[in-house]
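Below is one structure, written out as structure tokens, with a few remarks after it.
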Amino acid sequence: MNTNAFKTLEFNKIIEKLSTFAMNDLTRKRFIELRPATEEAVVRTWLNETAEAAAILERSSSVPIANLNGIENVLCVPDKGLNLTPEQLWLIYGLLENAVRFQRFMRDKEYIAPTVSTYAYSMYDLSELKNEIERCIRNNRVDDHASKGLAKARKRAAAMEDKIKSKLESLVKSSSYRDMLQDKIVSVRDGRYVIPVKSEYKRNVDGTILDSSSSGATVYMEPQEIKKLQHELNMLRAEEDIEISKILGQLTDMVVGYEREISVTMEAMVTYDFIFAKAKYGRAIDGVMAAVNTDNRIIIHEGRHPLLGSKCVPLNFSLGEEYGALVITGPNTGGKTVAIKTVGLLTMMVQCGLLVPVGEGSEFSIYHNVLVDIGDNQSIEQSLSTFSAHMTNIISILKEAGPRDLVILDELGAGTDPVEGMALAVSIMEKVYSKGSSLLATTHYSEIKEFAHQTKGFENGSMAFDLETLKPLYRLSIGKAGASQAFAIALKLGMDIELIERARSVAGRSGERTSVDLSVPEEIQHIREQAILKQRKIVKKESVFSADEDKKVFQIGDRVHVSSMNAAGIIYAEENDRGEYGVHVNEQKVWVPKKRLSLSIKAEALYPEQYDMDIVFETKENRKKDKLMKKRHVDGISIEREGL
């Protein structure tokens, strides 16, 4: 979609709100990349997921989503030839433990969330790895009982430490050292035990200086009589480190062996975090699941701008049934811009699978693009005037606009000579409409109200205004043109009636001198109908659901339905010369004729960009072999792939 619309309609603020409901940084990155889907099947799937998650939250507000922060880089550590640390292993344990808890949580949610609950089955219960990590790691360190060798090494080291401490304690208490010591304590410097000796007595103590105080009054010395014991302790600690490294290496190898399963489980947990964050935000704004269509039809009942909440006046709006273009008029600060922004933003949100704050019976069309020109786009750096900036943007919109697009234009034709601006506005609206786009525009020009009234497919709308209080009511009325209310406001504020009448007479004569042809070219409606018909033919031709089976094209990663097996599968290999696709279905890889396949969800809707599909299709043994063979040639190793 047009990225300018994201900023103009404040879609970025919706993303920021959504991110606050996410548990994990990986999920927040996914929200940053979230864009409205343009395929009906994807939009319906996303909306259904969010609605099911919201239903689960209605029943249980506490969902056991795993905290994955910090774990995303853990699986890269072994590739660098390093062992995982106890802390990193415990993060993996936490993921696996949480996956089991989440599967248990989802087990009784199938009847209220049949789609979302099935995603839990993609998580792996790696009990062997989980139990081994739990046995070997305690309090973020390798436990004494992780191996007999480690228990023995630590026991001997502890005994040696006790021996050294005992020896040192007897030294500091002896009368021969009484006057030489700063304090009767034993401390450690660089892993070695020392005693604090007054600086002036350092030559009287047989030992090695390892450190000194900041003032220089104290030196920390290792007495000669414990030096041999300290060396033996260091040897025992080295044995302990070797044993720890061996244990961590074994656990790291286990993790590498289950890398695919761990990655899939992580991806499933991020997906759940993503879906439930959408649902939580939807509940926060009192959102509902709106109906969708592909007929360029928008119907909004009691809609509210999600960033304004209960403060705003509900919007009732329709477009695409009896008319495809709506021109809204009314006084400044009357709410015109908020109304059109609400329509555009809610449309984008629905196409992102979000619940929106609207009333029952509301529905939205799925557009390929939302093209927007709202606000003052004046650029000093580019030396563009306000009018020039708007025209530059509108020219771009005219090039892009098509039959499946929503075009929103605010204060069309403003910023230049009124007559020329109005004439340009009319011609721009005619062009957008003729392309088959849905059009939503605001204006102050009274002539454009007449144009909308005369032209088939166009309709007037206005923002209500209270003449008694001189305040806008922020309520949209469709079918009725609005007025600027300048004369009424001036009169109400106390301006002399003679001045008001004079202004009216000037305005009348000005209107008489305006030489603008508002007659509507008859071919506009015909051109629009031809554009829409052409687009429908293109969509039908490109559709994967086309009756022409020979034109079906699937991509690796697409989720498909296999009619001969009545099961869902994932495309893992492209079409062969026999017209068959490789499909991963029911935990096996098979070749299926394309006429037996129908698309459920495209790969880009299921997986992040540049996702490694080997994580889904390859066995952990083959992935390990592949990594090894990429590093160097290894005799006797081969990779066998099922179904190829």
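Tell me yes or no: at least one residue of region 93-101 is surrounded by fewer than 20 Cβ atoms within 10 Å (Cβ to Cβ), within 23 Å of the chain's Cα centre (by Cα) and either modelled with pLDDT of 90 or more or outside any loop (DSSP other than H, G, I, E, B) (or both).
yes
Tell me which of these GLY421 doesn't satisfy, since it passes every other one: (1) modelled with pLDDT of 85 or more; (2) in contact with a Phe, Trp or Tyr (Cβ under 9 Å, 6 or more places away or on another chain); (3) assigned to a helix (DSSP H, G or I).
GLY421 satisfies all of (1) modelled with pLDDT of 85 or more; (2) in contact with a Phe, Trp or Tyr (Cβ under 9 Å, 6 or more places away or on another chain); (3) assigned to a helix (DSSP H, G or I) except (1).
Each row is one residue, and each column tells you yes or no for (1) farther than 20 Å from GLY375 by Cβ; (2) touching a residue at least 24 places away in the same chain (Cβ under 8 Å); (3) in contact with a Leu (Cβ under 9 Å, 6 or more places away or on another chain); (4) β-branched (Val, Ile, Thr).
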residue	(1), (2), (3), (4)
THR392	no, no, yes, yes
LYS399	yes, no, no, no
GLY402	yes, yes, no, no
ASP417	yes, no, no, no
ALA425	no, no, yes, no
MET429	no, yes, yes, no
VAL432	no, yes, yes, yes
LYS435	yes, yes, yes, no
LYS456	yes, yes, no, no
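Considering each of VAL172, VAL205 in turn, give the residue that is in a loop (DSSP other than H, G, I, E, B), surrounded by 15 or more Cβ atoms within 10 Å (Cβ to Cβ) and either at pLDDT below 85 or not hydrophobic (A, V, I, L, M, F, W, C) (or both). Break it down into steps so the answer makes sense when it comes.
Working: VAL172 fails: in a loop (DSSP other than H, G, I, E, B).
Among VAL172, VAL205, only VAL205 is in a loop (DSSP other than H, G, I, E, B), surrounded by 15 or more Cβ atoms within 10 Å (Cβ to Cβ) and either at pLDDT below 85 or not hydrophobic (A, V, I, L, M, F, W, C) (or both).
If a residue has to be within 16 Å of ALA268 (Cα to Cα) and among the hydrophobic types (A, V, I, L, M, F, W, C) to count, how many in region 27-63 make the cut?
Counting residues in region 27-63 that are within 16 Å of ALA268 (Cα to Cα) and among the hydrophobic types (A, V, I, L, M, F, W, C) gives 4.
Inside region 175-198, can you point out the residues that are buried (at least 16 other Cβ atoms within 10 Å of the Cβ) and assigned to a helix (DSSP H, G or I)?
The answer is TYR177, and nothing else.
Among the residues of region 470-502, which ones are among the polar types (S, T, N, Q) and at pLDDT 75 or above? Steps first, answer last, please.
The first filter runs over region 470-502 and keeps only residues among the polar types (S, T, N, Q), leaving 477, 484-485.
Matches in region 470-502: SER477 only.
What are the residues in region 208-228 that are within 30 Å of ARG141 (Cβ to Cβ) and crowded, with 18+ Cβ neighbours inside 10 Å, if any?
Result: TYR220, GLU222, ILE226.
How about region 71-92: which of its residues are out of contact with any helix residue (DSSP H, G or I) (no Cβ under 6 Å at 6 or more places or on another chain) and not in a helix (DSSP H, G or I)?
Within region 71-92, ASN73, VAL77, GLY81, LEU82, THR85 meet the criteria.
Looking at (1) free of Cβ contacts under 8 Å to residues at least 24 places away in the same chain; (2) surrounded by 17 or more Cβ atoms within 10 Å (Cβ to Cβ), which one does ARG138 not meet, given that it meets all the others?
ARG138 satisfies every listed condition except (2).
Results for (1) among the small types (Gly, Ala, Ser); (2) surrounded by fewer than 19 Cβ atoms within 10 Å (Cβ to Cβ), shown as yes or no for each residue.
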| site | (1), (2) |
| --- | --- |
| LEU248 | no, no |
| LEU251 | no, no |
| GLY257 | yes, yes |
| ILE285 | no, no |
| VAL288 | no, yes |
| ASN293 | no, yes |
| ILE298 | no, no |
| CYS312 | no, yes |
| LEU319 | no, no |
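Please pick out the residue among ASP286, ASP295 that is at negative phi and among the charged types (D, E, K, R).
On the way: ASP286 fails: at negative phi.
Result of the check over ASP286, ASP295: ASP295.
Would you please list the contacts, defined by Cβ atoms under 6 Å and residues six or more apart or on different chains, that run from a residue in region 210-239 that is in contact (Cβ under 8 Å) with a residue 12 or more places away in the chain to a residue that is aromatic (Phe, Trp, Tyr)?
As it stands, the answer is LEU210/TYR220; ASP211/TYR220, since those pairs meet every condition given.
Quick one: would you say GLU542 is modelled with pLDDT under 75, surrounded by 15 or more Cβ atoms within 10 Å (Cβ to Cβ) and not small (Gly, Ala, Ser)?
Numbers: modelled with pLDDT under 75: yes; surrounded by 15 or more Cβ atoms within 10 Å (Cβ to Cβ): no; not small (Gly, Ala, Ser): yes.
Spelling it out, it is not the case that GLU542 is modelled with pLDDT under 75, surrounded by 15 or more Cβ atoms within 10 Å (Cβ to Cβ) and not small (Gly, Ala, Ser).
Look at region 208-236 and say how many of its residues are part of a helix (DSSP H, G or I) and acidic (Asp, Glu).
Restricting attention to region 208-236, the residues satisfying the condition of being part of a helix (DSSP H, G or I) are 224-236.
Filter again for acidic (Asp, Glu), leaving 225, 232.
Looking only at that region, the number is 2.
When region 293-328 is examined, which residues are found to be in a loop (DSSP other than H, G, I, E, B) and either among the hydroxyl-bearing types (Ser, Thr, Tyr) or under 28 Å from GLN454 (Cα atoms) (or both)?
Those that are in a loop (DSSP other than H, G, I, E, B) and either among the hydroxyl-bearing types (Ser, Thr, Tyr) or under 28 Å from GLN454 (Cα atoms) (or both): THR294, ASP295, ASN296, ARG297, GLY320, GLU321, GLU322, TYR323, GLY324.
Check whether at least one residue in region 128-135 is outside the structural domain of ASP273 (by TED's automatic domain parsing), farther than 29 Å from ARG30 by Cα and in contact with a Leu (Cβ under 7 Å, 6 or more places away or on another chain), and report yes or no.
Yes, that holds for at least one residue.
For region 45-82, how many residues are of a type in the set (Asp, Glu) and at pLDDT 90 or above? Full working, then the answer.
Here is the first cut: in region 45-82, the residues of a type in the set (Asp, Glu) are 49, 52, 58, 72, 79.
In the following step, the residues that additionally are at pLDDT 90 or above were identified as 49, 52, 58.
The number of residues fulfilling the criteria is 3.
Test ASN67 against the criterion of being closer than 27 Å to THR252 by Cβ, more than 18 Å from the chain's Cα centre (by Cα) and outside any helix (DSSP H, G or I), and give yes or no. Give the steps one after another, and end with the answer.
On the way: closer than 27 Å to THR252 by Cβ: yes; more than 18 Å from the chain's Cα centre (by Cα): no; outside any helix (DSSP H, G or I): yes.
It is false that ASN67 is closer than 27 Å to THR252 by Cβ, more than 18 Å from the chain's Cα centre (by Cα) and outside any helix (DSSP H, G or I).
Please pick out the residue among LYS399, LYS456, LYS431 that is out of contact with any strand residue (DSSP E or B) (no Cβ under 6 Å at 6 or more places or on another chain) and in a loop (DSSP other than H, G, I, E, B). Before the answer, list the steps.
Numbers: LYS399 fails: in a loop (DSSP other than H, G, I, E, B); LYS431 fails: in a loop (DSSP other than H, G, I, E, B).
Every option except LYS456 fails the conditions.
Based on what the data block shows, is GLY359 in a loop (DSSP other than H, G, I, E, B) and at negative phi? Show your work before the answer.
Working: in a loop (DSSP other than H, G, I, E, B): yes; at negative phi: yes.
Yes, satisfied.
Filter region 106-137 down to the residues that are of a type in the set (A, V, I, L, M) and more than 26 Å from the chain's Cα centre (by Cα), then identify the one that is nearest to SER60 (Cα to Cα).
LEU126
Of (1) farther than 30 Å from LEU89 by Cα; (2) among the charged types (D, E, K, R); (3) assigned to a helix (DSSP H, G or I); (4) within 56 Å of the chain's Cα centre (by Cα), LYS246 satisfies all except one. Which?
Of the numbered conditions (1) farther than 30 Å from LEU89 by Cα; (2) among the charged types (D, E, K, R); (3) assigned to a helix (DSSP H, G or I); (4) within 56 Å of the chain's Cα centre (by Cα), the odd one out for LYS246 is (1).
Quick one: count up the residues across region 264-292 that are closer than 21 Å to ILE32 by Cβ and part of a helix (DSSP H, G or I).
Total meeting the criteria: 18.
The values are calculated or read from the model by the stated rules, or taken from the named source; none is laboratory data. Remember, predicted model here, so these are calculated numbers, not experimental data. Note that each Cβ is placed from the backbone with ideal geometry, even for glycine, and that neighbours are counted across all protein chains shown.
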